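S.K.: I have a structure here, written as structure tokens, and I will follow up with some questions on it.
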Amino acid sequence: MRVSEVPRAVATAMSTTTSAGLAVDDAVVLHDSNKLTLRLLPCDVLARVAPVGNQVARFEVDLAQRLVDAGCPVAAVDPRVEPRVHEHDGFVITLWTYYEPVTPGEISPADYADALERLHVGMRELKVPTPHFTDRVEQAQRLLADRDRTPALADPDRELLGDTLRTLRRTIGERGGTEQLLHGEPHPGNLLSTKNGPLFIDLETCCRGPVEFDLAHAPAAIGAHYPGVDPDLLRECRLLVLAMITTWRWDRDDQLPDGRRLAAEWLGQIRAALDRDDPDAPG
């Protein structure tokens, strides 16, 4: 969220939560990207605030409720308020349960894989209209084609990313494997360690595709603990996801801290991976 909008977004979240019957006199910013995530005190509710143009908030609230009812490991909306999307002063606000973090340290690969598998099992039973994973790839391809939005991207790097996205989109699609509803971005930043076990957040990225596409967002060690993984498909999905997130870092409006340094590092990883897959590459 733009820095100039943050104070107004915080004030709107606090007043909205107060109007919902919860006591609020302080706000702690937990995360700021395309939306603002706040811990509101003393009621201890987690508020997510986005510009009113964000049209996925209702979808996210509804899906979270259905997944919680199905016993899936996802964060729930706050039970003290009506599960709805609030719209005020140019923002949409949703109110969620705040989960106090438990012992520091990373979630073990086995527990991570178990949580993701249980999420996939629950998602498999839901009939929810969502984009296909290739729609996400197409978004990255459109960004690459728009030089006004990616002015700092050098032509050789633009060609590398474009070729990688196009080739892997086709290769993965031609495999014709089983597809289902996915989280879309189940990376460590979207997995909370709580006293209730690992819980996934940020369901707005849901899409349809092979489970390997979700696993490609998780640390590499997770795949060894997830049953029935196709290792070749997972390798292709990992490279595809890497090309996608590298592309997004070159967006002139990207707000990820240190994003350009990461983008340059990831370009090197993509080249190295393609060289390993090319038997005619020098080296």
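S.K.: Can you say whether Gln269 is open to solvent by 60 Å² or more (accessible area, probe 1.4 Å) and within 21 Å of Arg48 (Cβ to Cβ), as far as the supplied structure shows?
M.R.: Values: open to solvent by 60 Å² or more (accessible area, probe 1.4 Å): yes; within 21 Å of Arg48 (Cβ to Cβ): no.
Considered against the rule, which asks whether it is open to solvent by 60 Å² or more (accessible area, probe 1.4 Å) and within 21 Å of Arg48 (Cβ to Cβ), Gln269 comes out as no.
S.K.: Determine whether Leu181 is under 17 Å from the mean Cα position of the chain (by Cα), open to solvent by 10 Å² or more (accessible area, probe 1.4 Å), closer than 30 Å to Cys72 by Cα and in contact (Cβ under 8 Å) with a residue 12 or more places away in the chain.
M.R.: Values: under 17 Å from the mean Cα position of the chain (by Cα): yes; open to solvent by 10 Å² or more (accessible area, probe 1.4 Å): no; closer than 30 Å to Cys72 by Cα: yes; in contact (Cβ under 8 Å) with a residue 12 or more places away in the chain: yes.
In short, no.
S.K.: If you go through region 1-22, how many residues are among the basic types (Lys, Arg) and not in a loop (DSSP other than H, G, I, E, B)?
M.R.: Step one: of region 1-22, the residues among the basic types (Lys, Arg) are 2, 8.
From the residues that got through so far, the ones that are not in a loop (DSSP other than H, G, I, E, B) too are 8.
Count: 1.
S.K.: Yes or no: Leu38 free of Cβ contacts under 8 Å to residues at least 24 places away in the same chain, surrounded by 13 or more Cβ atoms within 10 Å (Cβ to Cβ) and touching a strand residue (DSSP E or B) at 6+ places or on another chain (Cβ under 7 Å)?
M.R.: Details: free of Cβ contacts under 8 Å to residues at least 24 places away in the same chain: no; surrounded by 13 or more Cβ atoms within 10 Å (Cβ to Cβ): yes; touching a strand residue (DSSP E or B) at 6+ places or on another chain (Cβ under 7 Å): yes.
It is false that Leu38 is free of Cβ contacts under 8 Å to residues at least 24 places away in the same chain, surrounded by 13 or more Cβ atoms within 10 Å (Cβ to Cβ) and touching a strand residue (DSSP E or B) at 6+ places or on another chain (Cβ under 7 Å).
S.K.: So, in region 202-220, how many residues would count as being of a type outside the set (D, E, K, R) and either touching a Ser or Thr at 6+ places or on another chain (Cβ under 6 Å) or open to solvent by 50 Å² or more (accessible area, probe 1.4 Å) (or both)? Let's see the steps before the verdict.
M.R.: Start the filter on region 202-220 by keeping residues that are of a type outside the set (D, E, K, R), which leaves 203, 205-207, 209-211, 213, 215-220.
Filter once more, keeping what is either touching a Ser or Thr at 6+ places or on another chain (Cβ under 6 Å) or open to solvent by 50 Å² or more (accessible area, probe 1.4 Å) (or both): 206-207, 219-220.
Of the residues in region 202-220, 4 are of a type outside the set (D, E, K, R) and either touching a Ser or Thr at 6+ places or on another chain (Cβ under 6 Å) or open to solvent by 50 Å² or more (accessible area, probe 1.4 Å) (or both).
S.K.: Only residues that are assigned to a helix (DSSP H, G or I) and open to solvent by less than 60 Å² (accessible area, probe 1.4 Å): list them for region 103-116, please.
M.R.: Restricting attention to region 103-116, the residues satisfying the condition of being assigned to a helix (DSSP H, G or I) are 109-116.
Answer for region 103-116, where residues must be assigned to a helix (DSSP H, G or I) and open to solvent by less than 60 Å² (accessible area, probe 1.4 Å): Pro109, Ala110, Tyr112, Ala113, Ala115, Leu116.
S.K.: A follow-up question, please. Only one residue in Ser4, Ser33 is within 22 Å of Pro257 (Cβ to Cβ) and open to solvent by less than 60 Å² (accessible area, probe 1.4 Å), so which one is that? First the steps, then the outcome.
M.R.: Details: Ser4 fails: open to solvent by less than 60 Å² (accessible area, probe 1.4 Å).
Ser33 is the lone residue from the list that is within 22 Å of Pro257 (Cβ to Cβ) and open to solvent by less than 60 Å² (accessible area, probe 1.4 Å).
S.K.: For region 150-166, which positions are farther than 16 Å from Ile245 by Cβ and either charged (D, E, K, R) or touching a Pro at 6+ places or on another chain (Cβ under 6 Å) (or both)?
M.R.: Asp155, Glu159, Asp163, Arg166
S.K.: Quick test of your reading of the structure: Asp25 fulfils all but one of (1) free of Cβ contacts under 8 Å to residues at least 24 places away in the same chain; (2) surrounded by 15 or more Cβ atoms within 10 Å (Cβ to Cβ); (3) outside any loop (DSSP other than H, G, I, E, B). Name the failing condition by number.
M.R.: Failed condition: (2).
S.K.: Turning to a different aspect of this structure: Find the residue count for region 152-178, including only residues that are in a helix (DSSP H, G or I), hydroxyl-bearing (Ser, Thr, Tyr) and open to solvent by 20 Å² or more (accessible area, probe 1.4 Å). Break it down into steps so the answer makes sense when it comes.
M.R.: Filtering region 152-178 for residues in a helix (DSSP H, G or I) gives 155-175.
Cutting the leftovers down to hydroxyl-bearing (Ser, Thr, Tyr) gives us 164, 167, 171.
Subset that is open to solvent by 20 Å² or more (accessible area, probe 1.4 Å): 167, 171.
Residues that pass the stated criteria total 2.
The values are calculated or read from the model by the stated rules, or taken from the named source; none is laboratory data. Everything quoted here is computed from the prediction, not taken from an experiment. In this analysis, Cβ positions are derived from the backbone assuming ideal geometry, glycine residues included, and neighbour counts consider all displayed protein chains. Please note that ligands, DNA and RNA were not included when accessible areas were found on the heavy atoms of the full protein model with its side chains. Shrake-Rupley method; radii C 1.70, N 1.55, O 1.52, S 1.80 Å.
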